[in-house]
Each structure stands twice: as structure tokens, then as C-alpha cells.
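Asker: Structure incoming, see below.
The values are calculated or read from the model by the stated rules, or taken from the named source; none is laboratory data. Remember, it's a predicted structure, so these values are computed and weren't measured experimentally. Backbone-built Cβ (ideal geometry, glycine too); neighbour counts: all protein chains shown.
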Amino acid sequence: MYVQDILKRKSHSIHKKENTEHLLAGLLYCPICHNKYTFQKQSGLKDDMVAICSMYNRYGKDYCIRRAIRECVLNKFVVEDLRKNLTQEIDKEKLINSIDNNGQE
């Protein structure tokens with residue numbers, strides 16, 4: 001048996017979870033270690049993902065704690081915040097120019 005085979009058998013299942021690029025990727029930071037959150041699909045959650053600390057995900061509980069946030073909870077807060085901001089007065093001219101320029105200033 002080769003060393004690589006032994007390492008594969010002993011590898012943590014944490015690293016086998018599927019990481020997926022997410023709309024909020026890079027925008028959330030861990031309140032404990034201040035590293036970015038990463039999004040993962042997890043078994044048991046059909047269409048929902050969870051955001052967890054990338055430091056915890058990579059190095060385990062010796063470096064940070066597992067503080068998971070479900071995607072549906074994040075989506076709820078994002079939508080509420082968007083609604084709140086959109087109900088405030090919008091500079092219509094700036095919005096139209098932004099749409100005409102494909103969001104480029």
C-alpha cells in the first residue's frame with residue numbers, strides 16, 4: 001500500500017464536500033477569525049446551502065468554531081435589506097444612466 005492511498009483513506013470528509021460559487025461569496029466574514037465564509041452544499045439540505053467559516057472548513061475546530069448560516073436565512077435578510085433600501089428615494093436619472101451603461105459608471 002502506498003502513502004498516497006493511506007492519506008486518501010484518512011482524509012477528512014470535510015474536504016470532500018462540494019464547494020460552489022455563490023452570489024454572496026466573498027461578502028461575508030466570520031465574526032470570530034475575520035476570514036471569509038464559504039458556501040457548501042450539505043447532505044440533508046436539498047436545495048439549500050450553508051455558509052461556514054473558510055478557516056474552520058480548511059483547518060478544523062482548533063482554528064475557529066463552526067458557525068453555519070443557511071442560505072435561506074441569508075436570502076431573507078438580503079431581500080429585506082434590498083426592499084428597505086429601494087423604498088428610499090432613488091435618483092431616477094442615475095438609475096437610468098446606470099441601466100443604459102450596463103451598470104458601469
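Asker: Cβ contacts < 8 Å: first residue more than 10 Å from T38 (Cα to Cα), restricted to the stretch 53-67; second residue of a type in the set (S, T, N, Q) and in a loop (DSSP other than H, G, I, E, B), any location; separation 6+ or different chain. Result?
Answerer: Close Cβ pairs satisfying both conditions: C64/N35.
Asker: Yes or no: the stretch 83-100 includes at least one residue that is modelled with pLDDT of 80 or more, out of contact with any helix residue (DSSP H, G or I) (no Cβ under 6 Å at 6 or more places or on another chain) and among the basic types (K, R).
Answerer: Yes; the residues of the stretch 83-100 include at least one that is modelled with pLDDT of 80 or more, out of contact with any helix residue (DSSP H, G or I) (no Cβ under 6 Å at 6 or more places or on another chain) and among the basic types (K, R).
Quick grid of which residues meet (1) part of a loop (DSSP other than H, G, I, E, B); (2) of a type in the set (K, R); (3) surrounded by 12 or more Cβ atoms within 10 Å (Cβ to Cβ):
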site	(1), (2), (3)
H34	yes, no, no
Q40	no, no, yes
I52	no, no, yes
R58	no, yes, yes
C64	yes, no, yes
V79	no, no, no
R83	no, yes, no
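Asker: Something else now. Restricting attention to the stretch 3-32, and to residues there that are assigned to a loop (DSSP other than H, G, I, E, B), at pLDDT below 80 and over 10 Å from the mean Cα position of the chain (by Cα), which single residue is farthest from L74 (Cα to Cα)?
Answerer: The qualifying residue farthest from L74 (Cα to Cα) is S11.
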